[in-house]
Amino acid sequence: MKFILMPGQNSEIKQAPELIKDLKDANILGDKVFDSDEFIDQILSQNCTPIIPPRENRKIKKEVDYHSTKIIAFLVHT
């Protein structure tokens, strides 16, 4: 597990690419705030699997493993 501490007023997605830059062949868990085409493209280019639920306003729907996103919801809300 890896994390970066940052001020609460900063957007989490801005630090996400730096956080995963050295990961390969991993599952990347994140909540809806990380549903960004650019970030997901980076995840895929590193041969990783994004497990990120889609934002409700996403124009192009993506395939999602909803079983895995339930795990995210559990972790976030406990």
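If I go through the stretch 50-65 residue by residue, how many of them are modelled with pLDDT of 80 or more and not β-branched (Val, Ile, Thr)? Total meeting the criteria: 8. Look at the stretch 16-27: where a residue is free of Cβ contacts under 8 Å to residues at least 24 places away in the same chain and a partner is among the aromatic types (Phe, Trp, Tyr), sitting 6+ places away or on another chain with Cβ atoms under 9 Å, you get Ala16/Phe34; Ala16/Phe39; Leu19/Phe3. Remark: pairs (first residue in the stretch 38-65, outside any helix (DSSP H, G or I); second residue surrounded by fewer than 10 Cβ atoms within 10 Å (Cβ to Cβ); Cβ separation under 6 Å; 6+ apart in sequence or on different chains) = Gln46/Lys24; Asn47/Lys24; Asn47/Asp25.
Of everything in the stretch 13-60 that is of a type in the set (A, V, I, L, M, F, W, C) and over 23 Å from Phe74 (Cβ atoms), the residue that is surrounded by the fewest Cβ atoms within 10 Å (Cβ to Cβ) is Ile60.
The values are calculated or read from the model by the stated rules, or taken from the named source; none is laboratory data. For clarity, every value in this text was computed on a predicted model and none was experimentally measured. So basically every Cβ, Gly included, is an ideal-geometry build from the backbone, and we count neighbours across all protein chains shown.
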